[in-house]
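The values are calculated or read from the model by the stated rules, or taken from the named source; none is laboratory data. What you see is a predicted model, and the numbers here were worked out from it, not measured in a lab. Glycine gets a Cβ as well: all are built from the backbone with ideal geometry, and neighbour counts include every protein chain shown.
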Amino acid sequence: MKPEWKSTKGFTMLEISIVIAIIAVLAAIAIPTYIGMQKKAARSEARAKLEAIALTLEGHMAENNDYGLAGFYTYVCGPACVGASFGHSGPIGTLANMGNNLIYDYQITVTTAPSFGVSAIPRVGGRMENDMTVWLQSNGLKGPAGAGW
């Protein structure tokens, strides 16, 4: 007669170890891919916001023959989207806060030429902190090369 504590039901330690090893290999492949897709999506959102801001600036140019007061403006977005106003009629703060995905701060440089540059700078402490700064200029230049333009 078999002792009750010695049952043949269940998994052996070897079987459990093999399953854990397979899960570890799958995780080692999937996690970097997932992080890469998150970065690509965040850059895509930043590019879309930059183009929306540029379109607003171009609309202001069509109506007023300038892009706004010359200067350097930063939009650090949050619930109230704090931003420097430069006499612009467009909803720059609203555009910078679209989607409420606060990964980037947006900077606008307006010159008297007239021309502008808009940059999406990864927010310090955010998940994109060490990623590239995406930018676009009024003359059509976009960068950097690896940003997916």
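A few remarks follow.
- In region 122-148, the residues that are modelled with pLDDT of 85 or more, of a type outside the set (F, W, Y) and not in a loop (DSSP other than H, G, I, E, B): P122, V134, L136, Q137, K142, G143, A145
- Applying a threshold of 8 Å to beta carbon distances and a minimum spacing of six or more residues, or different chains, the list of pairs starting in region 51-71 at a residue that is in a loop (DSSP other than H, G, I, E, B) and ending at one that is small (G, A, S) reads Y67/S115; Y67/S138; G68/G87; L69/G87.
- When restricted to residues that are under 17 Å from T56 (Cα atoms) and in contact (Cβ under 8 Å) with a residue 60 or more places away in the chain, region 120-141 contains 4.
- Meets criteria (in contact with a Leu (Cβ under 6 Å, 6 or more places away or on another chain) and either within 29 Å of G36 (Cβ to Cβ) or at pLDDT below 85 (or both)) for L69: no
- Of the residues making up region 115-149, those that are in contact with a Phe, Trp or Tyr (Cβ under 7 Å, 6 or more places away or on another chain) and exposed (fewer than 15 other Cβ atoms within 10 Å of the Cβ) number 1.
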